[in-house]
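Working notes, beginning with the structure itself.
What follows draws every value from the coordinates through simple rules; no lab data is involved. Everything numeric here is computed off the predicted structure, so don't read it as measured data. For neighbour counting, all protein chains shown are included, and Cβ atoms are generated from backbone atoms with ideal geometry for every residue, glycine included.
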Amino acid sequence: MKYYIPLILLLVVLIVSCNSSKIIDEETFVQIYSELLISKEKYRGDSKSFIAEREKIYKAYSVDRLRVDETLEYYNSDPQRWKLFFEKVVKNLENIQLTAAP
């Protein structure tokens with residue numbers, strides 16, 4: 001009987017951790033993805049600089065490549081969701097461009 005309680009607690013912890021979402025919230029991911037697109041264009045042909053910039057972006061948003069990849073996978077799994085997400089990214093990029101214009 002005394003072994004059941006730790007076993008049940010362990011199962012609960014495992015179930016909760018498996019179900020916890022590693023998906024980055026949409027608003028934050030729109031920002032991250034926009035910055036990644038800008039960096040990719042800025043450092044086109046210079047992969048070392050792009051990788052360094054990408055890591056700075058991840059650090060600024062307290063995410064890692066795995067979470068970004070999982071979030072991309074989440075959006076890519078549904079074409080309609082991807083379309084809506086990417087429309088927000090485009091809108092964000094337009095806003096960035098307007099803000100940067102003199």
- Item | Residue count, the range 38-62 (criterion: hydrophobic (A, V, I, L, M, F, W, C) and out of contact with any helix residue (DSSP H, G or I) (no Cβ under 7 Å at 6 or more places or on another chain)) | 4
- Message: Please verify whether Lys40 is basic (Lys, Arg) and more than 21 Å from Lys83 (Cα to Cα), treating the condition exactly as stated.
- Response: no
- Which pairs do you get when a residue that is more than 13 Å from Glu26 (Cβ to Cβ), found in the range 83-94, comes within reach of a residue that is among the polar types (S, T, N, Q), reach meaning Cβ atoms under 8 angstrom, with the pair 6+ apart or on two chains? Leu93/Ser34
